[in-house]
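Note sheet for the following structure.
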Amino acid sequence: MIKKERQVSGFIVKLEALVRRLPEMEPGRERAISQLNKRRAGYSGEQKLDYYLSFLDEKEYWLYHGLRLSNGSQFFQLDTLLLTKGTAIILEVKNWNGTIIFEPEFHQVIRIHNEKEEAFHDPISQAEHQSRQLKKWMAAHGFPDFPIEFAVVISSPSTIIKSPSNQTSKKIMHAHRLLTNLNSI
């Protein structure tokens, strides 16, 4: 059952307004457009995952999309939180295309797309951090100790995923494999 619906972030709405108002020749316009396109792509990836999540038994799973929680003066954001009777599962969604290579030694992901190579922060490290923050938040709000798991979900089925570590690869999957892999997360 969806407890919190996915919504377009306020940041996307603000970027859209900014881009509409910036003159064509404004030096910062291209950077704003680039940021907007990245945010829209991320949101689109999350929406692709929603299709697969719609097959979950509503009596067994509670879904919270786009949670932003506070641990005092700091905030943390979860793309999707899946709750069952016995486990919380954080789903960190990435809408990457091309080939992505997880490099656990350096805590980064390398993406090769259109003959261009880019490095990104490792989403596994990000999800581990989110797990620690959620555990801290739950303790501060009087929840009992609860197992928290996570998975990095790649929304595009044509993305090639490579990982030198078998341990790492258990936490990374395409969206279309999520339901099959849910019990092994």
Q) Out of all the residues in region 89-101, is one or more open to solvent by 50 Å² or more (accessible area, probe 1.4 Å) and among the small types (Gly, Ala, Ser)? A) no
Q) Mind checking which residues of region 83-124 are within 17 Å of Trp137 (Cβ to Cβ) and out of contact with any helix residue (DSSP H, G or I) (no Cβ under 8 Å at 6 or more places or on another chain)? A) Leu83, Thr87
Q: For region 144-173, name all the residues that are without any contact (Cβ under 8 Å) to a residue 60 or more places away in the chain and surrounded by 17 or more Cβ atoms within 10 Å (Cβ to Cβ).
A: Lys171, Met173
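This table checks each residue for (1) farther than 30 Å from Leu22 by Cβ; (2) at pLDDT 95 or above; (3) of a type in the set (A, V, I, L, M).
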site: Lys38; (1), (2), (3): no, no, no
site: Gly42; (1), (2), (3): no, no, no
site: Trp62; (1), (2), (3): yes, yes, no
site: Leu69; (1), (2), (3): yes, yes, yes
site: Gln74; (1), (2), (3): yes, no, no
site: Thr84; (1), (2), (3): yes, no, no
site: Lys94; (1), (2), (3): no, yes, no
site: His107; (1), (2), (3): yes, no, no
site: Ala119; (1), (2), (3): no, yes, yes
Q. How many residues does region 21-37 contain that are surrounded by 13 or more Cβ atoms within 10 Å (Cβ to Cβ) and basic (Lys, Arg)?
A. 1
(Q) Could you list, ordered by first residue, the pairs with Cβ atoms under 6 Å in which the first is in region 3-27 and without any contact (Cβ under 8 Å) to a residue 40 or more places away in the chain and the second is surrounded by fewer than 15 Cβ atoms within 10 Å (Cβ to Cβ) and not in a strand (DSSP E or B), at least 6 apart or interchain? (A) Val19/Ile33
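The values are calculated or read from the model by the stated rules, or taken from the named source; none is laboratory data. Quick caveat: nothing in here was measured; it's all calculated off a predicted structure. In this analysis, Cβ positions are derived from the backbone assuming ideal geometry, glycine residues included, and neighbour counts consider all displayed protein chains. Only protein heavy atoms, including side chains, enter the accessible area calculation; ligands, DNA and RNA are left aside. Shrake-Rupley method; radii C 1.70, N 1.55, O 1.52, S 1.80 Å.
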